[in-house]
Structures are given as C-alpha cells and as structure tokens.
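Here's the structure we're looking at; comments come further down.
Laboratory data are not the source of any read-out in this text; all were calculated from the coordinates shown. Only a predicted model underlies this, so the values are computations on that prediction, with no experimental measurement involved. Note that we place each Cβ from the backbone using ideal geometry, even for glycine, and neighbour counts take in every protein chain shown.
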Amino acid sequence: MGNVKRLYSLSVCALLLGMICTVNAQVAVSVSMNHGNLMAYEPVFAKVSLRNFSGHPLVFGKSEMMTGSINFEIKGPRGELIMPIDRNVMPTISGLLIESGKREEIIIQLSRYYPLFNTGRYSLRAYISHPQLKKSYQSDRISFSISSGIMIWEHMVGVPDIEGKRDKKEQIPQRNYKISSLYDNNRNYYYLTVEDDTHIYSVRRIGVEMSMSRPQCEIDRLSRLHVLLATTPRIYSYFIFDHDGKLEHEAVYRKSDTTPLLVRNLVSGSVSLSGGELAKKGVDYGVEEDNSFGQIPGSTPSSEAQKQLQDAGGTL
C-alpha cells in the first residue's frame, strides 16, 4: 500500500512539475503540418503558433536586441538529421510583432529550406529564440509522411511552340502529366504531377477521390490538360492546366438534366465541357480547407445543400 501511495505521489508531482513548466514558459510554441501524408515533391508547409507570456511585446527585427529566430529540427525516415539545403538561406520571421498575451501564426514552406524529397516518415520540432528571452523554447515533436501515391493515369505531350521561336531542327520538349491517388486523413486525394526526365514542374492536390469514380482527362491541341473530377455525387470540378502545371481555368459544375462531360473535337483538337450547369458556391457546394494553406473547391456540399437534402430525406 505504501508503494502505491509513493507512486501516486510521484505521479502527481510529475504532473504538477509539467504544469509549472508550461505556465512558466515565456513563449508557447506549437507546430502543425499542411498534411499528414504528402506526395513526393509536393510543397511542404508548417504552421508555427507562438503565444507570448513574457509580459512584454516581442519584436523580431534587425537590430542586435531584436534578432530573434525560428529553427527546425527535422529527422528523416532512418532517424537521420535533415540538414538545410543552404545554411545561408534559412527561414526568417523579421518584422514579426507579438503583443504580450497575444498569439501569432507563421506559415513557412519547409521544402524551400530542407530537402524533403525521399519517401518515408519524418519528425519535426520547431524552436524559437530571442535576445530578450533567457532561453529558447520548443514545440512538441510531430510526424508526417512523404509518399509516391498510386498512379491512375498518365500522358506524355509535346511542348507547343506558340511564338514560333524554336529551331525546326530541335527536338520537341516533352512533359508528362500524371494523376495519382494518395491516402491522407481518412480520405483518398487526387494529385496532378507535371514532369519531364530532369524536372518536376508542379505537384498539386486537386480533389477528393470518390468510390467508383475516376477523373476524366483530355489533352487539347495546345497540350493543355483538361480534368473533370466528381467531388460529390452532384458536384464536378473542372480544371485546365498548361504544360508547366499552371492552373489556367477553374470552375465548379453541378448535375442538371445532364451530367458534365469533357468533349474533344477530333477535327480542331479543342476540348470543351458539355452538360450540367455552373454551380453556386455556398448554395450547391462548399470548400475544404487545405492547410497549405488553401482550399479545394467543390469537395464538400454546402450546409444549405445538406439541409435541403435532409429535409427531403436524402443524402449526399
């Protein structure tokens, strides 16, 4: 019985000590990732939250007494320390002001500073320091994964010479469009990758995978990729990407008396969307926050659309 009481007392002391350390921290630091599972070569973002308990405003400037900094400790799939790409080019928070008792959030693209390319599981911790603080403060360690996904469609295209500047004797440059599926946060997501033999031009998450549904993809005469993706049973997202992966057009459609469909003109080589009708944001569809910190249009039904279906006894 005495041993049980002693263990209980030690546990309580440890808990109180942890609470005291938290209370006495002059800056509370936490970090989160844009995704728990990322596609290889996808931009990797970290959101760092800083709350100032020092009793004084903290200014991160360029003078000697204000040159605070933010640093990261990243460990790779084998537990190795991931070193910066260039120690002379590191994340900066110069210009940041945190009022006493207030919280500020910073979004940093980690993949600009660290080589986060290999597939596997990584761990991350953020550190904050400032000349006015007696010591640096750190976040809890979090984990994320980088994966290659499952490829479901690809197509090789030539890069068009729109301005007519290319030497006719030169080989035509090529691009490879790939659509892949990747599991993250209890859902499968579609990704577009644009690459050639030596470069990755774009990797971006474009929508949510639905059961028994695949993206419809067509290439037009300018080598642009048209993608029509069902994001709910009634809502479709329509994208047009150029050969570098730049988004040229984006729209959201809904089923009407007809279903949206991509149509390719075999004579002119043009691609157009037929059927359905333009959907209204907030009425027909909502958006899924994408922590990268953007949004995926059409991936969730709007609250109004959900209510209408529930009143009618249906589901989305």
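Cut-off 17 Å, label point 7 angstrom out along Cα-to-Cβ of GLU104: give me the residues of the stretch 48-77 whose amide nitrogen falls inside.
48-71
Taking the Cβ of GLU248 as the center, what net charge do the other residues with Cβ under 15 Å away carry, scoring Lys and Arg +1 and Asp and Glu -1?
0
Once you've got the Cα coordinates, tell me which of LYS62/LYS134; LYS255/LYS280; LYS75/LYS178; LYS102/LYS134; LYS178/LYS280 are over 23 Å apart.
LYS75/LYS178; LYS178/LYS280
How big is the stretch 25-146 by Rg and Dmax over its Cα atoms, in Å?
In Å, with Rg to one decimal and Dmax whole: 14.7, 43.
For VAL271, what is the net charge nearby, where nearby means another residue's Cβ is under 14 Å from its Cβ and Lys, Arg count +1, Asp, Glu -1?
Value of the local net charge: -1.
Please get the size of the charge dipole for the stretch 150-311, origin at its Cα centre, with Cβ charges of +1 on Lys and Arg and -1 on Asp and Glu, quoted in debye to the nearest 20.
260
For the stretch 150-311, what are the per-bin percents of Cα-Cα distances with bins 5 Å wide, up to the bin holding the maximum?
2, 8, 16, 20, 19, 15, 9, 5, 3, 2, 1, 0, 0, 0
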